[in-house]
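The values are calculated or read from the model by the stated rules, or taken from the named source; none is laboratory data. Keep in mind that what you see is a predicted model, and the values were worked out from it rather than measured. Reconstructed Cβ throughout: ideal geometry from the backbone, glycine too, with neighbour counts over all protein chains shown. To get the accessible areas, we keep the full protein, side chains included, count just its heavy atoms, and leave off ligands, DNA and RNA. Shrake-Rupley method; radii C 1.70, N 1.55, O 1.52, S 1.80 Å.
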Amino acid sequence: ALLLAGLIALSFGPRAAAQDAVTAITNAKIMTVGPAGNIEKGTILIKGGKISAVGADVAVPAGATVIDASGRVVTPGLIDAHSHTAMEDNVNECTNIVTAEVRVADVLDPRDISLYRQLAGGVTAANVLHGSCNSIGGQNATIKLRYGAASGEALLFQGAPPGIKFALGENPKRASFGGGVRRYPATRMGVEVSLRNAFLEAKAYKKSWDDYEAAVKTASAKKPAKNAPAAALPLGPRKDLQMEALKEILEGKRLVHAHSYRADEILMLIDVANEMGFKIATFQHVLEGYKVATEIAKHGAGGSTFSDWWSYKMEAFDAIPYNAAIMASHGVLVSLNSDSDELARRLYWEAAKTVRYGGVSEDEAFKMVTLNPAKQLRIDKWAGSIEVGKDADLAIFKSHPFAPDTRVEMTLVDGKVMFDRSKDVAARKGVLATLGGGQ
């Protein structure tokens, strides 16, 4: 408890700069992952939580707080496109096959220690998803890793479009998930039908609201006769929170992130989406994506996969470590995700594996944990690369992120230092001394 209190104090103490203060990161090799490419010895200026300048010839203003990054490599903060962090055990609402009304944002815990540990791995943003026991699960939350913030709401990435979790395969058909009364469906056929039925109902719900809004517009446009009372407006349909979320999907206002493994089921969901008139934003895990990469690219969906997890259940048996490279070569926007609080601390090494397995260039591989997930989550306006005007979400590495001896020395979110390895180590030593010098 003493150690945790010390680390929180480090993150939210006097170091937090005023809005008009400037922080300068100097003498760094900068991997911008943007149009400027790699800058061998550059400077980044941060003001008001944003990147105000970046380049090799940037002057440091007087009074700026200077972080000397000599010999270090500065990169954009890493983005995990599939996470369950900061949720404790509030992951699966298995009581119905469709639970589009439940919201991850309602159960976020800013004190989850996993947030701090992931900051120590350079992660600054994550797509926090509902579990996968429903064909249509809950609404996701795109967050920044503002560990120790005052509320779960304070973690939310402002401006990020809303999304929702779908799931195919074994998980939704294993309806009881270890206990309780089994519910429909128990087969892959039933999973497909549950999706189609949900969207048929959502289309009817949408039509009822479209008709109502058209009727209101018509009634409002009519001019009543002189001295006549205004015409009564028609009564609207009853609000249904579950249908509201699906209606937003049909309107293109809510992104679909679909847990998937097998090629046949990926094609099935593409067919259902095309039939019902909506798009899949990302296929998550998508372990057999390499088999149907052309079809995924044609639909316009991204693929967020693992580097080399395989055979942990039957539908993962055909996973291969070349999956990311093959999908990318067929035009799919690819990211690498963790689905694990533990793995999330080493996303940069997950990206390195695509260089070995598939010959992806180092720059393109690193995009799979920075710019590509930002694009998939539609937050690339603010994150994913080091460019003027973007949020100052940055990681400072000891050496190149793919080097076997590398580690993250410092992580900044919105320009604030949220992890500093040197001060973390000092805090640990201080706590040990307080406790009597134990090792």
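Label zone of ARG407 (point 7 Å out along Cα→Cβ, amide N under 19 Å): in region 420-437 this covers 420-433. Using the alpha-carbon positions of region 298-431, Rg (one decimal) and Dmax (whole number) come out as 16.5, 57 Å.
Normalised by residue count, region 380-439 yields a Cα convex hull volume of 100 Å³ per residue. Per-residue accessible area (protein heavy atoms, 1.4 Å probe) orders TYR212, TYR184, TYR116, TYR322 as TYR184, TYR322, TYR212, TYR116, starting from the largest.
Among 253-263, 355-365, sorting by the average number of other beta carbon atoms lying within 10 angstrom of each residue, highest first, gives 253-263, 355-365. Compared with the alpha-carbon gap, the fully stretched path from GLU342 to LYS41 is longer by 105.1 nm at 0.36 nm per residue.
Of the peptides 413-419, 107-113, the order by per-residue mean of other Cβ atoms within 10 Å, starting with the highest, comes out as 413-419, 107-113.
Three principal axis extents describe the C-alpha atoms of region 81-154; from largest down they are 37, 22, 17 Å. Highest average first, the peptides 295-303, 371-379, 72-80, 397-405 ordered by how many other beta carbon atoms sit within 10 Å of their residues are 72-80, 371-379, 295-303, 397-405. Computed in the context of the full set of protein chains, the accessible area of the chain at 1.4 Å probe radius has 54% of its extent on carbon or sulfur. Pairs spanning more than 18 Å between alpha-carbon atoms, out of LYS247/LYS279; LYS29/LYS398; LYS203/LYS375; LYS217/LYS279; LYS173/LYS279; LYS313/LYS375: LYS203/LYS375; LYS217/LYS279; LYS173/LYS279; LYS313/LYS375. If the segment from GLU101 to GLU362 were pulled out straight at 0.36 nm per residue, it would be longer than the present Cα-Cα gap by 89.9 nm. Of LEU241, LEU412, the residue with the largest accessible area leads and the full order is LEU241, LEU412 (1.4 Å probe). With both labels modelled 7 Å from their Cα along Cα-to-Cβ, the LYS207 to GLU170 distance reads 4.0 nm. Each helix, a run of at least 4 DSSP H residues, gives -39500 (n - 2.57); summed and divided by the residues of the chain, these come to -9000 deg cm²/dmol at 222 nm.
Modelled label positions at GLU93 and LEU241, each set 7 Å beyond Cα in the direction of Cβ, lie 0.6 nm from each other. The long axis of helix 188-221 is offset from the longest Cα principal axis of the chain by roughly 80 degrees.
When its C-alpha radius of gyration is set against 2.2 N^0.38 Å (N residues), the chain gives a value of 1.08.
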